[in-house]
Amino acid sequence: MKSSQTRTATQEKQQPPKVRVPQHALKKTVNKFTRDYEAIIGIETHVQLSTLTKAFYCCPYNYGSQPNTGICAICMGLPGALPVLNSKVIEFAVKLGLALNCKLSLNSKFDRKQYFYPDLPKGYQISQFDIPIATGGYIDLDIPLEFGGGHRKFGITRVHMEEDAGKLLHSGNGAQVDLNRAGVPLLEIVSEPDMRTGIEAAEYAAELQRVVRYLGISNGNMQEGSLRCDVNVSIRPIGQPEFGRKVEIKKLNSFSSINRAIDFEISRQAQLHSQGQGDQIVQETRLWEEDAQKTVTMRKKEGLSDYRYSLNQTSLKLFSLRNMLITFTTLCQNFLKRSVVAEYFDATLSSGADLKLAANWIMGDIAAYMKNEKLSINEIKLTPKELGELIASIKGGTISGKIGKEINDPVEIGKMIDKVISENPKQLEQYRGGKTKLQSFFAGQEQQTARWRNILKSESFAEFSILSSYNTLHHFD
Ligand SMILES: [Zn+2]
């Protein structure tokens, strides 16, 4: 259930599409055409880092501020500007790399990527090409039960640092550019092509959002563009080892749009294939149109050769990183383990308890009891099995709340349930009515997160004495 921390992709509120799509007709198509094909999905995610200043210690960045009020010679790359890398960018990249189980490159570097669009007027983007800061990781997650459940492990190819471009605003007067965002630090996370369905991709993105929020490196807000996903989708006949031609989908600004855009695209490609028109699937960039609930061609894809890189420009040496890594890795592992409250919850469910009622009991009255009595969930007398039985009895109408009190009194359940039931008859009625408060269930896990963050602030990064090595960043030539 860890995916309930924020919104899971699948619990996310789904806005009704403005244009009605005959959903069952679409489903039928999916079933008819996709049966013989397997989809291969990879995701590139850009995460905007919540540093106080841009990647090169110049202007602050505030989302939504007046256009072109947060720019200077350094982020514009004007002649003579000598930027210094913001060490927080490295720190955040290291945190994310470790949280995603990656191997860090202790010697890394920045490269210039040619970039000929007006939203980055200096003509290049500082990025990482052949030696990204982190490589070869993975994300572990559980697919929600309502979508078939099951455990998945998705590979992470690489995490690299780069700077963001500005924004082009198209209006009646033509295009205008807002450069406030130019130079804001990003981490790009490239997945292995390990996902097979829209749900898997959406859950992967939701997990990434949780991780960056836990780490405190980004607000992860998709609507503001702080977390942006581009997905690559191809299909192949089941059993064929080669990949099909892949299509990239951009402008996916919610988990549910990731899910629906991918499923639409799989269906579109499968339909073309099965009608003998597989050659009409071309390598291109498509946009997801939320209103029409379909993908449309944006532009034919440039090859990698169109983005020329200048290599070996600036080397980074991550001094004295090793000790920090050991501490940090342990912290990450502990953190990423599911919280004890979540384990208690799972155990309650596996004893057969109703999901909503169990969540209400645990995050409501049991949480309040634990707080009053200053107990952790491991210290309370009520076992998950007993709670499950109690819930089953109340739900099944075998016992009323009042009798529930009596059977609790004797030994094992203790005074907690007394208190719960005698003081909260109204809430008990609500429990029976199935009132849900699942979202706040993980309040306990939030506390754990806060504690973990404090540790990180206080100790682990004290050793970071790497800043001095970045001063040469723009001495390229
Ligand atoms: Zn600046």
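Bear in mind that the values in this text are calculations on the coordinates, not laboratory data. The structure displayed is predicted, hence computed values, not measured ones. Using ideal geometry, Cβ is built from the backbone for each residue, glycine included, and neighbour counts are taken over all protein chains shown.
Pairs 54/103; 167/294; 95/251; 95/122; 88/294; 54/251: which are spaced more than 32 Å apart, C-alpha to C-alpha?
Over 32 Å apart, Cα to Cα: 88/294.
Sort 263-270, 281-288 by packing, meaning the average of other beta carbons within 10 Å per residue, with the highest value first.
263-270, 281-288
Any chance you could run the full-extension gain for residue 138 through residue 52? It's 0.36 nm times the residue separation minus the Cα-Cα distance, nm to one decimal.
Working: separation 86, 0.36 × 86 = 30.96 nm, distance 2.88 nm.
Using 0.36 nm per residue and subtracting the Cα-Cα distance, I get 28.1 nm.
Sort 59, 72, 102, 229 by Cβ crowding within 10 Å, fewest neighbours at the top.
72, 59, 102, 229
Report the gain in length on full extension from residue 368 to residue 62: 0.36 nm times residue separation, minus Cα-Cα distance, nm rounded to one decimal.
Here the segment from residue 368 to residue 62 would lengthen by 106.3 nm.
Taking 0.36 nm per residue of separation and subtracting the Cα-Cα distance, what length does fully extending residue 151 through residue 73 add?
Details: separation 78, 0.36 × 78 = 28.08 nm, distance 4.90 nm.
Working it through step by step, the gained length comes to 23.2 nm.
When 122, 300 are ordered from fewest to most other Cβ atoms inside 10 Å of their Cβ, what list results?
Details: 122 17, 300 9.
Fewest-to-most ranking of 122, 300: 300, 122.
Using 14 Å as the cut-off for backbone N distance, which residues of region 240-271 belong to the label zone defined by a point 7 Å from the Cα of residue 221 along Cα→Cβ?
Taking a point 7 Å out along Cα→Cβ of residue 221, no residue of region 240-271 has its backbone N under 14 Å.
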